[in-house]
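Enquirer: Take this structure, written in structure tokens, and hold onto it; I'll ask about it next.
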Amino acid sequence: MATIAMRVSQEDLSQVPRGTERIPEPGILVIFGASGDLTKRKLLPALFHLEQNSLLPANFAIVGVARRSLGDEFANDMREGIVEFGGVDKNDPKLDSFAGRISYFALNFDDPGHYAALKAELDRISAEKNIGPDRLFYLATAPEFFAGIIENLGAQGLAQPEKGKTAVVIEKPFGHDLDSARELNHQVNAVFHESQVFRIDHYLGKETVQNVLVFRFANGIFEPIWNRNYIDSVQITAAETLGVEGRGPFYEKAGALRDILQNHMMELLSFVAMEPPSSFEAESVRREKLKAWQAIPPIPILNTVRGQYGPGVIDGQRVPGYRDEERVDPESGTETYAAVRLEIENWRWAGVPFYLRAGKRLKKRVTEVSIQFKQPPLLIFNRMQSAGPCTEIQPNLLTIRIQPDEGIALRFGAKVPNAPGMSVCPVIMDFDYAAAFGRSTANGYERLLLDAMLGDQTLFAHRDGVETTWALYTPILQAWANKKPEVFPNYFAGKWGPECADRLLEKDGNVWRNNLGK
Ligand code: BG6
């Protein structure tokens, strides 16, 4: 298929404003669970990128908190992580001073006495480094510790101090079903006001996810056709080639539906489906997302598919099946693939099927949204002679590539030159993020960390949103738990998931788009 590239001129690029460049107030970022992978691979590299762009206040400290006694080893380890995972030169002149901002405090998450000591330590750092009273607590621990940490922060007066602002960032998973999410919300809001709570979903930190809103609401030509009159169906795919990467015990309890569908994919869906918010303020954006989710009727179990990978080949390498992964039950019933067909019952979307799928060990790593438009009302060219691959007129397709190969492609029909009659062939108009703007080293946490420090909740989940998406998926989880899958594993690693997933689309006359990416 021919491809037409879209270009951004250097002149245009030089005009691009580089963010709001608001700098947070001096303060301390306290990361609970700091000895885990997330801190080293994502959070510290992101914080260093902020430092490189002079977006951190001069008086700012990072305190890693975890159970192990690590001391100075922690700052050195974080420095290595910044270089290895942040694409940073090990001789970067800012690395030394940045490492000087990092310290470590060993704490038993469920020991109240340790929180009194933590409070004293934070006061000491504040006094020594002339940092104000603002604190941001980041919970990156295993989820079973969230409630206890929050309660202890409250009991020590760390959540509502007399001076300064405080907030809490809570990593996913936020609950494991509707009841547990409600309970956690209750525990969180007993200590922190909702305006202090930042439930993080790292998908919202991705430029390409945010760009869905820009694409829709900063351009005049797409919104008029963004509805049931012109759109036939929407597919959202989050495919990974990776397996569970040593996270067997976590994944055994999670599965693909809890891990990706209920959160990342629903966030993406809300950006595709929501009504235009009246502003890009947290309240407005979150209200419209919620309305879109609330318009989704219960998903019949017949419109769901689960799968589990068996052994197979990915990129020429043999990989084991899920049940043979480290610390996974050899008879596990956990799904590593989940797909649903849902509808959104409102005036914009009634009758348009949305197909969502997520899976591990699939053929290709790709996250994308593809929007298939309806055929023109009259196909005047379809009986003309066509040649080669251009045998039938294909509907317009808009593909928003979230990752990798970030970009947007529009497929449309073009007349084949010098061919007999009116032969029509699909061509693609392609916007490639990296080619237009250069490749970015950002991992998405930069934006979210900065927003949390600035108190901007636009890209964070509200309690009502979290509960609404859990309400939608909890009955499916219950139905799956009550009935063991008949045949697991049901797809080979390196394929596009179980064959039965095709049936979700068949009744609408649709097929999964498996030639994803560019
Ligand atoms: C995490 C999941 O939230 O997202 C992982 O727990 C998954 O299982 C990851 O691999 C995918 O994130 P990304 O940014 O690589 O698409």
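The values are calculated or read from the model by the stated rules, or taken from the named source; none is laboratory data. It should be emphasised that the depicted structure is a prediction, and the values quoted were computed from it without experimental measurement. Quick reminder, even Gly has a Cβ in these numbers, built from the backbone with ideal geometry, and neighbours come from all protein chains shown. Ligands, DNA and RNA are excluded from the accessible area calculation, which covers all protein heavy atoms including side chains. Shrake-Rupley method; radii C 1.70, N 1.55, O 1.52, S 1.80 Å.
Enquirer: Across the range 322-336, what is the number of residues that are assigned to a loop (DSSP other than H, G, I, E, B) and open to solvent by 100 Å² or more (accessible area, probe 1.4 Å)?
Expert: Step one: of the range 322-336, the residues assigned to a loop (DSSP other than H, G, I, E, B) are 325-336.
Pick out the ones that are also open to solvent by 100 Å² or more (accessible area, probe 1.4 Å) and you get 326-327, 331.
So the count comes out to 3.
Enquirer: Can you run down the residue pairs with Cβ atoms below 7 Å, 6 or more apart or on separate chains, where the first is in the range 29-50 and open to solvent by 10 Å² or more (accessible area, probe 1.4 Å) and the partner is basic (K, R)?
Expert: Pairs found: S35/R68.
Enquirer: If you don't mind, another one. Looking at the range 30-56 only, could you name the residues that are more than 18 Å from the chain's Cα centre (by Cα) and under 9 Å from A140 (Cβ atoms)?
Expert: Selection gives I31, F32, G33, A34, G36.
Enquirer: On to the next question. Which ones in the range 337-349 are assigned to a loop (DSSP other than H, G, I, E, B) and either surrounded by 21 or more Cβ atoms within 10 Å (Cβ to Cβ) or touching a Lys or Arg at 6+ places or on another chain (Cβ under 6 Å) (or both)?
Expert: Of the range 337-349, the ones assigned to a loop (DSSP other than H, G, I, E, B) are 343-349.
Matches in the range 337-349: I344, W349.
Enquirer: Moving on to the next point. Here is a check on your reading of the model: is Y322 in contact (Cβ under 8 Å) with a residue 40 or more places away in the chain, within 24 Å of V511 (Cα to Cα) and in contact with a Phe, Trp or Tyr (Cβ under 8 Å, 6 or more places away or on another chain)?
Expert: Working: in contact (Cβ under 8 Å) with a residue 40 or more places away in the chain: yes; within 24 Å of V511 (Cα to Cα): no; in contact with a Phe, Trp or Tyr (Cβ under 8 Å, 6 or more places away or on another chain): yes.
No.
Enquirer: Here's a follow-up. So, of the residues in the range 430-464 that are under 21 Å from F137 (Cβ atoms), of a type in the set (A, V, I, L, M) and in contact with a Gly (Cβ under 9 Å, 6 or more places away or on another chain), which turns out to be farthest from the ligand (Cβ to nearest atom)?
Expert: Applying the filter and picking the extreme gives M453.
Enquirer: In addition: With respect to the numbered conditions (1) touching a strand residue (DSSP E or B) at 6+ places or on another chain (Cβ under 6 Å); (2) of a type in the set (F, W, Y); (3) open to solvent by 40 Å² or more (accessible area, probe 1.4 Å), which one is the sole condition not fulfilled by F437?
Expert: The failed condition is (1).
Enquirer: Still on this structure, I have one more. Mind telling me which of the residues A46, A75, A117 ends up being under 26 Å from A155 (Cα atoms) and not in a loop (DSSP other than H, G, I, E, B)? Talk me through it step by step, then tell me what you get.
Expert: Details: A46 fails: under 26 Å from A155 (Cα atoms); A75 fails: under 26 Å from A155 (Cα atoms).
Only one candidate passes the filter, namely A117.
Enquirer: Consider N443 against the criteria (1) under 24 Å from the mean Cα position of the chain (by Cα); (2) open to solvent by 40 Å² or more (accessible area, probe 1.4 Å): it satisfies all of them except one. Which criterion is unmet?
Expert: Checking N443 against (1) under 24 Å from the mean Cα position of the chain (by Cα); (2) open to solvent by 40 Å² or more (accessible area, probe 1.4 Å), the one that fails is (2).
Enquirer: Just for the range 361-378: of the residues that are part of a strand (DSSP E or B) and hydrophobic (A, V, I, L, M, F, W, C), which one is most open to solvent (accessible area, probe 1.4 Å)?
Expert: Top of the filtered list is F373.
Enquirer: Look at the range 454-492 and say how many of its residues are closer than 17 Å to Y337 by Cβ, in contact with a Pro (Cβ under 6 Å, 6 or more places away or on another chain) and either part of a helix (DSSP H, G or I) or open to solvent by less than 40 Å² (accessible area, probe 1.4 Å) (or both).
Expert: Going through the range 454-492 one residue at a time, the tally reaches 1.
Enquirer: Criterion first (crowded, with 19+ Cβ neighbours inside 10 Å, at positive phi and not polar (S, T, N, Q)) does R411 satisfy it? Steps first, answer last, please.
Expert: Numbers: crowded, with 19+ Cβ neighbours inside 10 Å: yes; at positive phi: no; not polar (S, T, N, Q): yes.
Considered against the rule, which asks whether it is crowded, with 19+ Cβ neighbours inside 10 Å, at positive phi and not polar (S, T, N, Q), R411 comes out as no.
Enquirer: I'd like the full set of residues that are among the polar types (S, T, N, Q) and under 15 Å from L342 (Cβ atoms), limited to the range 260-270. Spell out the reasoning first.
Expert: We begin by selecting, within the range 260-270, every residue among the polar types (S, T, N, Q); these are 262-263, 270.
Across the range 260-270, the qualifying residues are Q262, S270.
Enquirer: Return the residue satisfying two criteria in turn: it lies in the range 200-259 and is of a type in the set (V, I, T), closer than 24 Å to T336 by Cβ and within 16 Å of the ligand (Cβ to nearest atom), and of such residues it is most open to solvent (accessible area, probe 1.4 Å). Can you show your working first?
Expert: Taking the range 200-259 and keeping what is of a type in the set (V, I, T), we get 200, 208-209, 212, 214, 221, 225, 231, 234, 236-237, 241, 244.
If we keep only those that are closer than 24 Å to T336 by Cβ as well, we get 200, 209, 234, 236-237, 241, 244.
Next, from what is left, pick out any that are within 16 Å of the ligand (Cβ to nearest atom): 200, 209, 236-237, 241, 244.
Numbers: I200: 12, V209: 2, I236: 0, T237: 3, T241: 29, V244: 5 Å².
Looking at the filtered set, the residue picked out is T241.
Enquirer: When the range 78-104 is examined, which residues are found to be in contact (Cβ under 8 Å) with a residue 60 or more places away in the chain and either in a strand (DSSP E or B) or open to solvent by 90 Å² or more (accessible area, probe 1.4 Å) (or both)?
Expert: Y104, the sole residue that qualifies.
Enquirer: Looking at A435, is it touching a residue at least 60 places away in the same chain (Cβ under 8 Å) and within 28 Å of M274 (Cβ to Cβ)? Walk me through it before giving the result.
Expert: Numbers: touching a residue at least 60 places away in the same chain (Cβ under 8 Å): yes; within 28 Å of M274 (Cβ to Cβ): no.
No, not satisfied.
Enquirer: Could you please find all residues in the range 127-185 being away from the ligand (no atom under 16 Å from the Cβ), assigned to a strand (DSSP E or B) and touching a residue at least 40 places away in the same chain (Cβ under 8 Å)?
Expert: Result: D134, R135, L136, F137, A167.
Enquirer: Follow-up. So, in the range 152-173, how many residues would count as being touching an Asp or Glu at 6+ places or on another chain (Cβ under 9 Å) and buried (at least 18 other Cβ atoms within 10 Å of the Cβ)?
Expert: 5
Enquirer: While we're looking at this one, here's another question. Can you list residue pairs whose Cβ atoms sit under 6 Å apart, with the first residue in the range 192-214 being free of Cβ contacts under 8 Å to residues at least 60 places away in the same chain and under 16 Å from A442 (Cα atoms) and the second being open to solvent by less than 20 Å² (accessible area, probe 1.4 Å) and within 16 Å of the ligand (Cβ to nearest atom)? Count only pairs 6 or more apart in sequence or on different chains.
Expert: Between residues of the range 192-214 that are free of Cβ contacts under 8 Å to residues at least 60 places away in the same chain and under 16 Å from A442 (Cα atoms) and residues that are open to solvent by less than 20 Å² (accessible area, probe 1.4 Å) and within 16 Å of the ligand (Cβ to nearest atom), there is no close pair.
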